[in-house]
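> Please see the structure below; I have some questions.
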Amino acid sequence: MPTPIPTLPPPAQPVDLDAVAGVYDSVFPAHVAEHYLHRRGRYIRDLVDAGAAALDVGAGTGVLAERLADLGLDVVALDPFPRMLAQLRRRRPDFRTVEAPGHAIPFPDGRFDLTYCVAVMHHIAAPDLVRATLAEMVRVTRPGGTIVVWDHNPLNPYWPLLMRRVPQDNGAERLVPMAELLAGLRDAGAEIRRAERLGLIPEFVPERLLPAAAVLERLAEATPGLRNLCAHNVVVAVAGKR
């Protein structure tokens, strides 16, 4: 008798983020969410001038887009999930939103001074779509403008544990390596200005211990070797001439 070929389960389908739109912003404790929102907001805002035209690719419920608008940027929020964007419009009815995927951005070349995405690439997952999204981000950024990609670091050992417990992840995600992000941006004509790993505050840190945890986070980010285990890959690039 021939040895039976084992039947593999079908691959998981990506999560319908519209289905979790109502709870998405409450998944993590408010103090931890604010810690990362503040850091990302200041980091990105400091890269460009006041009033810069910015595109948030995969904006989700728009909390970062909203924060950057409050910090003086002219932000458009783009996402393929209408119920996610509806959370932003509920808070800010006049905020400009566009329903579209990152690999098919409906704006002309060079439209924005800044194009960024945060915690998006691991949901896109498929290498061809990751590459297409990076290329689109470069395309819609003016020559000399800034592109920021901020996503999960696959070298961080805690991500698999955390992602099993949150409603926006179901196993269809893929943590994209830093080298893939850098190659995709370069191939699209961007010049890499900065590539680093940041963040090390887990969701279980009590609010009273957050200041101490933030000090340890900064220490880890500054320590060779240890910084490779930080939570996020962060790449800053500049769009080249076309």
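> Normalised by the number of residues in the stretch 183-241, what is the relative contact order in percent for Cα pairs under 8 Å and 6+ residues apart?
Relative CO of the stretch 183-241 lands at 55 percent.
> Report the antiparallel proportion of the DSSP beta bridges in the stretch 24-239 as a percent, rounded to a multiple of 5.
Beta bridges within the stretch 24-239, antiparallel portion: roughly 45 percent.
> For each of Cys117, Cys230, count neighbouring Cβ atoms within 10 Å of the residue's Cβ, then give the residues from fewest to most.
On the way: Cys117 23, Cys230 20.
Exposure proxy ranking, most exposed first: Cys230, Cys117.
> I would also like to ask the following. For the residues Asp113, Asp56, Asp74, Asp151, what sequence is obtained by ranking on other C-beta atoms within 10 Å, fewest first?
Asp74, Asp113, Asp151, Asp56
> What residue among Arg208, Arg165, Arg193 shows peak mean-square fluctuation when the chain is described by a Gaussian network model with Cα springs under 10 Å?
Arg208
> Scan the stretch 149-242 for chymotrypsin sites (Phe, Trp or Tyr not before Pro) in coil per DSSP, keeping those whose Cβ has at most 10 other Cβ atoms within 10 Å, and list them by number.
Here the chymotrypsin sites (Phe, Trp or Tyr not before Pro) that fit, given the DSSP loop and packing criteria, are Phe204.
> Considering the convex hull of the alpha carbon atoms of the stretch 24-239, report its projected area averaged over all viewing directions, in nm², one decimal.
About 11.2 nm², averaged over all directions.
> If the stretch 37-113 were replaced by its equivalent ellipsoid, with semi-axes equal to the square roots of 5 times the Cα gyration tensor eigenvalues, what would those be, largest first, whole Å?
Here the semi-axes work out to 18, 16, 10 Å.
> Moving on. Under 5 Å between amide H atoms, partner at least 5 residues away or on a different chain: which partners does Ala119 have, H built in plane at 1.01 Å?
Here Trp150, Asp151, His152 satisfy the definition.
> Still on this structure, I have one more. Measure out, as a whole number of angstrom, how far apart the alpha-carbon centroids of the stretch 82-130 and the stretch 199-218 sit.
Taking the Cα centre of each part, the stretch 82-130 and the stretch 199-218 sit 29 Å apart.
Every read-out reported here was derived from the displayed coordinates using simple, explicitly stated rules and does not represent laboratory data. Predicted model, so just to flag it, every value in this text is computed and none were measured. Counting neighbours? That spans all protein chains shown, and the Cβs are built from the backbone with ideal geometry, glycine included.
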